[in-house]
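Below is one structure, written out as structure tokens, with a few remarks after it.
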Amino acid sequence: MPKRTTILYTSSDGLKGAAEDELIIYYCKFSGRHAFTTDVDIDTLPRRRTDGARVLDKGKHMLRLYTTDGGTKLLRRKDGTVERQYRLNVGRLPVAYTAEPDGALVYVLEGAVTAFQKDPAAGDRVPVPPCIRKGDAGSTEVVLELEDRQPHAAVAKITSDAVRVHLTGHTSSEAAAHELLQLMSRVLNMRLTQMVVMRGANSKQRILTVEMLTPRQVYRALRGEAPKPGARGGEEAGGRSGGGGGRGRGRRPWFAGL
């Protein structure tokens, strides 16, 4: 049986009745894919006592879902009752459910989504995820999550929480740090001296600071969408001319804090 894609759950006129700057976009916390758009901060909604899910009433709030039919789940609660949930999935992961088909109450699972305000200036463009943010003095900071010992270096996935990067070396080695900067230099079309990488909250996390690019320009480059005006690409990146001729100059700032 083919899965049904849920395009719209809404009250009255839906998105037409809400101002653009009042809309909040929610993404699956694990895949980074668009889950739903609404006009209410779900953190202000009441919680369901049984599982902590946020209760969103479609009769009171605008809601547009970008989910698929996740099937029916039967759960036995502590009091012995059996509950039927109609799951709403993003990919294979449930982010919410209803108690009946097309029910008026949508229960958003705890910890399933993350949100950030839509930028009115962005129009219909995909919003920049919160892991790519404004830094100091016009720079942009990017939260990176490293996966080492992979077949090749690449930007693997962009989620709301981090940009996942594959490296061939071990994350603790200087070679991997250099490999990371080489990769970012190519992807962002920037010089190595225009970037700094610092350690993050754990051994797999890094914070990349990029000069001269806005968060949206960085996001578009990571998605492979377009070159960045004014960015200068990889001239000092060792290996471009075979063998790392540019490794000697300015190397310490590249790996500051590593």
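A short reminder: the numbers here are calculations on the coordinates, not readings from a lab. What you see is a predicted model; the values in this text were computed from it and never measured.
Over 32 Å apart at the Cα level, from the set LYS73/LYS134; LYS29/LYS73; LYS29/LYS134; LYS73/LYS204; LYS134/LYS157; LYS29/LYS78, are LYS73/LYS134; LYS73/LYS204.
Compute the length gained on full extension between ASP57 and SER203: take 0.36 nm times their separation in residues and subtract their Cα-Cα distance, giving the result in nm to one decimal. Display every interim value, and only then the final one.
Working: separation 146, 0.36 × 146 = 52.56 nm, distance 4.14 nm.
Full extension of this stretch gives 48.4 nm more.
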